[in-house]
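In what follows, a structure is listed as structure tokens, so that the remarks can point back to it.
The values are calculated or read from the model by the stated rules, or taken from the named source; none is laboratory data. Predicted model only: the values in this text are computed from it and were never measured. Methodologically, a virtual Cβ is constructed for each residue, glycine included, from the backbone with ideal geometry; neighbour enumeration extends over all protein chains shown. Remember, those area values only see protein heavy atoms, side chains included, never the ligands or the DNA or RNA. Shrake-Rupley method; radii C 1.70, N 1.55, O 1.52, S 1.80 Å.
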Amino acid sequence: MKLLKPVNFVIFAMVALSGAALLHTSQNVQRVEGDLRSLEASVQRENEKVRLLRAEWENLNRPERLERLAREFLDLAAPAPETLVREDFVLPAVPEDEAESVFMEEAAPPPPVVRDVAYAPERKSARALPQKAVPPEKLPAAKAEKTFGELLGELSERRPQ
Amino acid sequence: MIFSYRLRRNAVKIEGERSSALDLARGRLVLMGGFFILMYIVFAVRAFDLAVIQGRAISADNGATVELSAMEGSEDAPGTLPADIARRGDITDRNGALLATTLRTASLFADPHLISDTARAAGGLAKIFPDISYGEILQKLQSDKRFVWISRNLSPEQQYSVLELGEPGLEFKHAYQRFYPQGALGSHLVGYADVDGRGLAGIERGFNNYLNSGETLRLSLDMRLQHALRREMTAVIDEFSAIGGAGLIMDVTNGDILAGVSLPDFNPHRAGEALETEVFNRLTLGAYEMGSVFKIFSIAAFFETHDVGMNTTFDTRDPIRIGRFTIRDYHAENRILTIPEVFMYSSNIGSALMGRAVGTENLQNFYEDLALTTPLDFEVREVARPMVPSPWREVNTLTASYGHGVATTPVQTISAVASVVNGGYLIKPRLVLAEDEGKASTDVRVVSEKTSNKMRELLRLVVTAGTGKNADVAGYRVGGKTGTAEKIINGRYDGNKKISSFVGVFPMDAPRYAVFIMIDEPKGTKRTYGYATGGWVAAPAVSRVIASMVAILGIPPSSPDSPENAYGQDLKQYVSAGKGEH
């Protein structure tokens, strides 16, 4: 009986073995492809989120808004031209022997805080700041301000296909 | 095999022909058996693989997979655009601030048939969308349709909350939407695109194909300056109850437009609903008679055609009568004026006399060289055709000398001013940031260096001693020219409806920036003694814009006793102590 030769057993075993190996490899490939797809999708998703967050960041950083917030909460305004340092301005030179004492001096009073010197077109709002610290959330919100979500909601609408 | 082996040993030995037949049958039997055993093994392995190996992998990232598929939606491939369409490119300002971008948004719809618990779903949705009431959602969810919109363009937080409800009947539909983070700021120049990503106005239209190929476009605009300009213009329009305005900031060395505001403006997300007056781009689509601002050009033309000194005089005592026209002075001095006086007191008669000396053909050619009377060549394609008299008679030459009878756009006006003051090189306005930022946009000379210098001194004089005093910013050597033109209403000039403008340039000894503000129909106030001229309306606004600009750009002031601070003061010797101006 030719079929029952030992060599046939060996061949049979090798076929079975390589079949199993093939199966194993194809499984691996499928799994890795699946992983790749899901990674690509998640990269894509993260990119979308980054875009969205960047858009929101830019929206929140509108100069108009920053200016208003700085005035309302920090009592700051843009510097007026008179307060800018002139182009010929040089720091006064300090003699060698005094140099150390100038930088070490600690008794010097802090410079006075000058309020409202800068150009502020709407000084009223700066003055109207309550003296007692009021948590920002209790201050009246500007009415024109739209949240990012609301802005998204107002994007032109695409009709259902 | 063992079985067949035993079979063989115990079997009666059969010889001959039959024996070979039996062998054949046996062989086949073994082959068949082997085949089936092999198949069983394959099936078993496959079943093991499906049930155990892959089953474990799926359950491992189960949560993520469900969320993923729900977030991605079913109608298109996960998170990708079709391969042949690139996402429309972004538009940024010169500092990289985002002006337009394309976002992937999700809209929520429901299939009421698949909703398991209508009341619970409606309750959850009402919490997520405060602007829709519980009853409204309930009504939608119990309808017989298979598709009802709940809400469009959800924020990511809302999307996540909806997924958390775990309601199978709620699904997302995804779309790409153009988003303008700066809102109305710069909306006329940036323009807007429709839902299919077609640019309909502004840069969005002018560079539609380029943007659709996915490229990012960087503009010369600076949104900080844009805001400062818009803020000051809004304040002026409010104060003088004007109907609108146009403003520009330009780098006179290369033609870069740093800011361009047309008011009233509009929300680019709702461009379709904006009023026609809001969408109208005054910067490029509005052709206006600029009034005395044009004296910059007529006097430059006079210097180009006549090599004379500043002490040349013009008799402005009597109005000029030509045909049925009479040319009068608004700030009448009623005496013989030198050229600096004509310019600083903005004498119409004086400029008309200069225009007459220049000659019709020369003046026409000069205006054309400055690109004032030809259609604007610009990156924003919505442009007006300037209006010039046809036929052009002598009287038109006289009126064109002080900016009447010729209408042009604000962009062309500021470009021509830039060309005159920058040393004489023609400026082509540009909105897209060039690779070589420092280079002048053209090297075509339109006026001589000498004329350019004279005009700089004259412009500075207007601000130190003439009609533009309100435009000065100490230490920045501002120069400029006021303009006040009456509007034509029903074919006649209406003295009560004006266009008041001011073009400022600084620093005048080495011009870098030009600021132009034009206010439409300002009404005089108590503070201005009822005046609504360029010097009262636009000049202070230009001054405030320059004050903001120097802080934003960090330009240091010159000291009061520095030589450049005294720039142009020599001209005062040609100015006699007149009765002054308003």
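Return yes or no: is B:Glu361 closer than 22 Å to B:Phe303 by Cα, open to solvent by 10 Å² or more (accessible area, probe 1.4 Å) and at pLDDT below 90?
For B:Glu361, the condition - closer than 22 Å to B:Phe303 by Cα, open to solvent by 10 Å² or more (accessible area, probe 1.4 Å) and at pLDDT below 90 - is not met.
How many residues are open to solvent by less than 20 Å² (accessible area, probe 1.4 Å), among the β-branched types (Val, Ile, Thr) and either touching a helix residue (DSSP H, G or I) at 6+ places or on another chain (Cβ under 7 Å) or free of Cβ contacts under 8 Å to residues at least 60 places away in the same chain (or both) if we restrict to segment B:533-572?
Final tally of qualifying residues: 4.
Please enumerate the residues belonging to segment B:142-156 that are more than 7 Å from chain A (Cβ to nearest Cβ) and small (Gly, Ala, Ser).
If the condition is that a residue be more than 7 Å from chain A (Cβ to nearest Cβ) and small (Gly, Ala, Ser), then B:Ser143, B:Ser151 are the ones that fit.
Does B:Val447 meet the test of being open to solvent by less than 40 Å² (accessible area, probe 1.4 Å), under 17 Å from B:Ile299 (Cβ atoms) and not in a loop (DSSP other than H, G, I, E, B)?
no
Select from segment B:266-277 the residues that are within 13 Å of chain A (Cβ to nearest Cβ) and open to solvent by 30 Å² or more (accessible area, probe 1.4 Å) and list them in ascending order.
Across segment B:266-277, the qualifying residues are B:Asn267, B:Arg270, B:Gly272, B:Glu273.
Which of the residues belonging to segment A:34-92 are of a type in the set (Gly, Ala, Ser), out of contact with any Lys or Arg (no Cβ under 7 Å at 6 or more places or on another chain) and outside any helix (DSSP H, G or I)?
The answer is A:Ala78, A:Ala80.
Taking the condition of being at pLDDT below 90 and open to solvent by 10 Å² or more (accessible area, probe 1.4 Å), how many residues in segment B:515-531 meet it?
7
Table: residues versus (1) at pLDDT 85 or above; (2) closer than 30 Å to B:Leu221 by Cβ; (3) assigned to a strand (DSSP E or B); (4) facing chain A (nearest Cβ under 10 Å).
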residue: B:Thr65; (1), (2), (3), (4): no, no, no, yes
residue: B:Ala70; (1), (2), (3), (4): no, no, no, no
residue: B:Gly79; (1), (2), (3), (4): no, no, no, yes
residue: B:Gly96; (1), (2), (3), (4): yes, yes, no, yes
residue: B:Thr101; (1), (2), (3), (4): yes, yes, yes, yes
residue: B:Gly124; (1), (2), (3), (4): yes, no, no, no
residue: B:Asp131; (1), (2), (3), (4): no, no, no, yes
residue: B:Lys140; (1), (2), (3), (4): yes, no, no, no
residue: B:Gln158; (1), (2), (3), (4): no, no, no, yes
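Consider only pairs whose beta carbons are under 9 Å apart and that are at least six residues apart or on different chains; among these, list those whose first residue lies in segment A:18-30 and is at the interface with chain B (Cβ under 9 Å from one of its Cβ atoms) and whose second residue is among the polar types (S, T, N, Q) and open to solvent by less than 70 Å² (accessible area, probe 1.4 Å).
Filtered contacts from segment A:18-30: A:Gln27/B:Gln54; A:Gln30/B:Gln54.
Select from segment B:471-514 the residues that are closer than 23 Å to B:Met549 by Cα and either surrounded by fewer than 20 Cβ atoms within 10 Å (Cβ to Cβ) or not assigned by TED's automatic domain parsing to the domain that holds B:Pro340 (or both) and list them in ascending order.
B:Ala474, B:Asp509, B:Ala510, B:Arg512
Checking the structure you have, find out if any residue of segment B:18-39 is modelled with pLDDT under 80 and not polar (S, T, N, Q).
Yes, that holds for at least one residue.
For segment B:220-247, which positions are open to solvent by less than 10 Å² (accessible area, probe 1.4 Å), closer than 19 Å to B:Phe280 by Cβ and small (Gly, Ala, Ser)?
Passing the criteria: B:Gly244, B:Gly245, B:Ala246, B:Gly247.
So B:Ile414 clears everything in (1) buried (at least 19 other Cβ atoms within 10 Å of the Cβ); (2) assigned to a loop (DSSP other than H, G, I, E, B); (3) β-branched (Val, Ile, Thr) except one condition, right? Which one?
That leaves (2) as the condition not met.
Determine if segment B:42-57 includes at least one residue that is out of contact with any Asp or Glu (no Cβ under 9 Å at 6 or more places or on another chain), open to solvent by 100 Å² or more (accessible area, probe 1.4 Å), among the basic types (Lys, Arg) and modelled with pLDDT under 85.
Checking segment B:42-57: at least one residue is out of contact with any Asp or Glu (no Cβ under 9 Å at 6 or more places or on another chain), open to solvent by 100 Å² or more (accessible area, probe 1.4 Å), among the basic types (Lys, Arg) and modelled with pLDDT under 85.
B:Ala332 versus (1) farther than 23 Å from B:Tyr531 by Cβ; (2) without any contact (Cβ under 8 Å) to a residue 24 or more places away in the chain; (3) open to solvent by less than 50 Å² (accessible area, probe 1.4 Å): which is the lone unmet condition?
(1)
Among the helices (runs of 4 or more DSSP H) lying completely within segment B:195-240, list those that include at least 1 residues that are free of Cβ contacts under 8 Å to residues at least 12 places away in the same chain and among the acidic types (Asp, Glu).
Output list reads B:223-239.
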